[in-house]
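Reviewing the structure listed below.
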Amino acid sequence: MSAVLVTALRVAFLALLWFFILLAANVIRTDMFGRTVAAGSPELAPPPPPRKRRRSGPSTLVVTEGRSAGSQVDLADALIIGRARDAGLTIDDDYASTHHARLIQSVGGGWQIEDLTSTNGTYVNDVRLIAPTTVTPKDDIRIGRTHLRLEK
């Protein structure tokens with residue numbers, strides 16, 4: 001190989017290496033300080049309007065496994081789950097985003113969970129969510145290493 005080609009390959013490798021370092025630094029910064037969110041994004045969207053709640057359905061969300069095991073919160077019309085202090089249910093999990101998922105009450109009195117574009121995803125019965133999904137007390141909700149369950 002000619003000296004010009006070797007030099008070009010070295011420069012390309014160095015540029016690729018710096019791109020990877022900057023990408024990793026950005027991921028770490030986002031994880032530590034959160035993401036800048038535009039005013040119209042789903043993370044800052046106001047919760048849906050209050051609905052009349054049926055008392056026959058689940059009324060509590062309980063952490064069954066993980067660092068926060070045993071924690072529980074009474075369900076309102078909407079609940080944000082994540083690591084942030086302003087979340088309705090704050091979970092101590094390194095694999096959870098600051099605003100990881102939202103649990104909302106559907107019109108029929110049931111509950112739906114939606115992933116808020118988290119890095120590691122939200123799972124119901126070991127299936128990753130791609131759209132809001134109805135959950136029941138029989139379903140296992142997993143966020144990172146934390147398992148949650150609806151209870152009456």
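The sole residue among V63, V127, V135 that is surrounded by 13 or more Cβ atoms within 10 Å (Cβ to Cβ) and either among the polar types (S, T, N, Q) or more than 30 Å from R29 (Cβ to Cβ) (or both) is V135.
Tell me, which residue of region 48-65 that is in a loop (DSSP other than H, G, I, E, B) and among the hydroxyl-bearing types (S, T, Y) is modelled with the highest pLDDT? Here the residue is S59. Of everything in region 66-81, what is surrounded by fewer than 18 Cβ atoms within 10 Å (Cβ to Cβ), touching a strand residue (DSSP E or B) at 6+ places or on another chain (Cβ under 6 Å), at pLDDT 80 or above and part of a loop (DSSP other than H, G, I, E, B)? Give them in sequence order. Matches in region 66-81: A69, S71.
Working only within region 99-152, note down all residues that are in a loop (DSSP other than H, G, I, E, B) and in contact with a helix residue (DSSP H, G or I) (Cβ under 9 Å, 6 or more places away or on another chain).
Of region 99-152, the ones in a loop (DSSP other than H, G, I, E, B) are 99-100, 106-110, 116-121, 125-126, 129-132, 136-140, 144-145, 152.
Matches in region 99-152: H99, L116, T117, T119.
Taking region 113-152 as the range and being under 17 Å from Q72 (Cβ atoms), touching a residue at least 60 places away in the same chain (Cβ under 8 Å) and of a type in the set (K, R) as the test, the residues that pass are R149, K152.
Screening E114 with (1) at pLDDT 90 or above; (2) among the acidic types (D, E); (3) open to solvent by less than 20 Å² (accessible area, probe 1.4 Å) gives one miss only, at (3).
Being modelled with pLDDT of 85 or more, surrounded by 10 or more Cβ atoms within 10 Å (Cβ to Cβ) and out of contact with any Ser or Thr (no Cβ under 7 Å at 6 or more places or on another chain) holds for only one residue in A96, A84, A8, A45, and it is A8.
Selection of first residues in region 19-34 that are modelled with pLDDT under 90 and surrounded by 10 or more Cβ atoms within 10 Å (Cβ to Cβ) and of second residues that are of a type in the set (V, I, T) and assigned to a loop (DSSP other than H, G, I, E, B), restricted to Cβ pairs under 7 Å at least 6 apart or on distinct chains, gives the following pairs, ordered by first then second residue: G34/T98.
The values are calculated or read from the model by the stated rules, or taken from the named source; none is laboratory data. A quick note: this is a predicted structure, and the numbers were derived from the prediction, not measured. Cβ sites come from the backbone with ideal geometry, for glycine too, and all protein chains shown count toward neighbours. Each accessible area value is taken on the protein alone, full model and side chains, heavy atoms only, with ligands, DNA and RNA left out. Shrake-Rupley method; radii C 1.70, N 1.55, O 1.52, S 1.80 Å.
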